[in-house]
Amino acid sequence: MSRSTRFSPKRVALCGLLLSLMLILGYVESLIPAVSAVPGIKLGLSNGVLIFAIYMLDVPTSFVLMALKVVLSGALFGNPNAMLYAFSGGLLSVVAMVLLSKIKGLHPVTISMVGGVMHNVGQVGMAMIQLQTGSLVYYMAILMIVGLVCGALTGVCATHVMKHLKHFR
């Protein structure tokens, strides 16, 4: 993709809309009491937007959207410590999803499920480093199941959206 295409007004506006959507979905997610009652468990609604970006835009844009979402969410709704966890999970998730999206035949739902699991792995890994304990690995089993289920839900939603927005390719 050429530089003039990457920074076209239409593309910048689309990225702004996607980032806004990610922030809104993250905020809405924080309002759901059942999800926020258990530490580390979130629906990962903005993961669907990242799946869209990976498939319909490009890899650098996906990384920028993830990083901006982490920074802005942390500034608006969280704290620097929360940003560290979100970034470690988000980075691992996006890397895994980008790599898997290059494999022919893998469905976006499968890739989203792996992204959900890897987000949790990144966050627990960061917690283990910060707290200097390996005992959190037991909590990983629960988070992996939740990551698979939530990743499947966001992947299904993203797949349906992409079917209707094919012209953005």
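The values are calculated or read from the model by the stated rules, or taken from the named source; none is laboratory data. Every value quoted in this text rests on a predicted model; they were computed, and no experiment measured them. Glycine also receives a Cβ, built like all others from the backbone with ideal geometry; neighbour counts cover every protein chain displayed. The protein model used for the area step is the full one, side chains on, heavy atoms only, and it has no ligands, DNA or RNA in it. Shrake-Rupley method; radii C 1.70, N 1.55, O 1.52, S 1.80 Å.
Given the pairs Lys102/Lys163; Lys42/Lys163; Lys104/Lys163; Lys10/Lys42; Lys10/Lys163, which span a C-alpha to C-alpha distance of over 23 angstrom in this model? Going by Cα-Cα distance, Lys42/Lys163; Lys10/Lys42 fall outside the 23 Å limit.
Kindly express, to the nearest 10 degrees and within the range 0 to 90, the angle between helix 108-131's C-alpha long axis and the longest C-alpha principal axis of the chain. Rounded to the nearest ten degrees, it is 40. Note on Asn81 and Val12: with the Förster distance fixed at 25 Å, the Cβ-Cβ geometry gives a FRET efficiency of about 0.20.
For the range 80-169, the Kirkwood radius over C-alpha pairs fed into Stokes-Einstein at 37 °C and 0.692 mPa s yields D = 237 µm² per second. Remark: the chain carries 55 Å² of accessible area per residue (probe radius 1.4 Å; ligands, DNA and RNA excluded). Relative to the first principal axis of the alpha-carbon coordinates of the chain, what is the inclination of helix 80-101, with its axis defined by its Cα atoms, in degrees from 0 to 90 and to the nearest 10? On a 0 to 90 degree scale, this one is about 60.
Estimated at 0.36 nm per residue, the fully extended path between Leu31 and Val156 surpasses their Cα-Cα distance by 42.8 nm.
In this simple spin-label approximation, Leu99 and Lys166 carry label points 7 Å from Cα along the Cα→Cβ vector, and these lie 3.1 nm apart. For the chain, modelled as a GNM whose springs connect Cα atoms under 10 angstrom apart, the maximal fluctuation among Met140, Met118, Met128 occurs at Met128. Rounded to the nearest 10 degrees, the inclination of helix 59-77 to the longest alpha-carbon principal axis of the chain is 50 degrees. The structure-derived value of mean projected area of the Cα convex hull in nm² appears in the list (i) 13.0; (ii) 10.1; (iii) 9.0 under the label (ii).
Okay, which of the range 99-122 sit inside 20 Å, backbone N to the point 7 Å along the Cα-Cβ direction of Asp58? 99-103, by backbone N distance to the label point.
GNM on the chain, alpha-carbon springs under 10 angstrom: the most fluctuating residue among Phe87, Phe63, Phe77 is Phe77. What a 1.4 Å probe finds exposed on the chain is 74% carbon and sulfur by accessible area, rounded to a whole percent. For the pair Thr133 and His107, label points projected 7 Å from Cα toward Cβ lie 3.9 nm apart.
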